[in-house]
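Visitor: This structure is in C-alpha cells; I'll ask about it shortly.
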Amino acid sequence: HWVLTERGVQQGELFADTAYVYDDNSRFEFRNVRTTFNTPSGAPNGTLTSRRGRYDMRQRVLEAFGDVVVVTTDGKRLLTPHLRFDQSSNLVRTDSAYTLIDGRRRSQGVGFESDPNVTRFVCKRECVATDNVNIPTQ
C-alpha cells in the first residue's frame with residue numbers, strides 16, 4: 001500500500017499484491033494493481049485497475065499494463081492495454097487502442113491524451129464515436 005502525494009496533499013493510493021523496488025528505491029514494479037485518484041484538493045476522482053504497474057518517482061510517471069480499467073467518479077469508463085499518467089504535466093495518455101464509455105456514448109481509437117478527469121480528451125488516430133440513442137418504434 002502506497003500513498004501518492006503532491007505538496008502534502010494526498011493525490012491517491014496504490015494497492016498491489018506484489019511490489020519490486022529498483023534504482024535506489026525510486027522505481028517500483030507492481031502486480032495486480034488498484035489505484036484510487038484524488039483531485040488536487042484531495043477529493044475522490046476515480047479508480048484504476050490493471051494486471052501490472054510501474055511508478056518512477058524521479059520522472060513522476062505512473063504506468064499501468066494489461067487490462068487497464070479506469071472508472072471516474074462521474075461514471076466514465078476507460079479500457080486500454082496500456083496507460084501512462086505523467087504527474088508533472090497532469091496528463092493521461094496512451095499509444096494503444098482504447099475504448100471510452102461515457103453514459104450512452106462510446107469512443108474508440110488508437111492513442112489519446114487527456115486530463116485526469118477525461119474532460120479534455122484528444123484522440124490521436126482511427127477515432128470513432130457512437131451514441132446509442134433509442135429510436136422510438138411503433
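The values are calculated or read from the model by the stated rules, or taken from the named source; none is laboratory data. Note that the structure is predicted; figures quoted are calculated from it, not measured. Neighbour counts run over all protein chains shown; Cβ positions are idealised from the backbone, glycine included. The protein model used for the area step is the full one, side chains on, heavy atoms only, and it has no ligands, DNA or RNA in it. Shrake-Rupley method; radii C 1.70, N 1.55, O 1.52, S 1.80 Å.
Visitor: Test Arg120 against the stated conditions and say whether it is open to solvent by 40 Å² or more (accessible area, probe 1.4 Å) and touching a residue at least 12 places away in the same chain (Cβ under 8 Å). It would help to see each step written out before you state the result.
Guide: Working: open to solvent by 40 Å² or more (accessible area, probe 1.4 Å): yes; touching a residue at least 12 places away in the same chain (Cβ under 8 Å): no.
When the stated conditions are applied, Arg120 does not pass them.
Visitor: Which ones in segment 22-69 are over 15 Å from the mean Cα position of the chain (by Cα) and either among the hydroxyl-bearing types (Ser, Thr, Tyr) or more than 18 Å from Thr5 (Cβ to Cβ) (or both)?
Guide: Correct list: Tyr22, Asp23, Asp24, Ser26, Glu29, Arg31, Ser41.
Visitor: Can you pull out every residue in segment 62-80 that is surrounded by fewer than 17 Cβ atoms within 10 Å (Cβ to Cβ) and either out of contact with any Pro (no Cβ under 8 Å at 6 or more places or on another chain) or outside any loop (DSSP other than H, G, I, E, B) (or both)?
Guide: Gly66, Asp67, Val69, Val71, Asp74, Gly75, Arg77, Leu79
Visitor: Taking segment 31-61 as the region of interest, how many residues are within 15 Å of Tyr20 (Cβ to Cβ) and either open to solvent by less than 30 Å² (accessible area, probe 1.4 Å) or outside any loop (DSSP other than H, G, I, E, B) (or both)?
Guide: First pass over segment 31-61, keeping only residues within 15 Å of Tyr20 (Cβ to Cβ): 31-33, 51-57.
Cutting the leftovers down to either open to solvent by less than 30 Å² (accessible area, probe 1.4 Å) or outside any loop (DSSP other than H, G, I, E, B) (or both) gives us 31-33, 51-56.
The total comes to 9.
Visitor: In the set Leu83, Leu91, Leu14, which member is open to solvent by less than 20 Å² (accessible area, probe 1.4 Å), of a type in the set (A, V, I, L, M), within 30 Å of Val128 (Cβ to Cβ) and free of Cβ contacts under 8 Å to residues at least 60 places away in the same chain?
Guide: Among Leu83, Leu91, Leu14, only Leu83 is open to solvent by less than 20 Å² (accessible area, probe 1.4 Å), of a type in the set (A, V, I, L, M), within 30 Å of Val128 (Cβ to Cβ) and free of Cβ contacts under 8 Å to residues at least 60 places away in the same chain.
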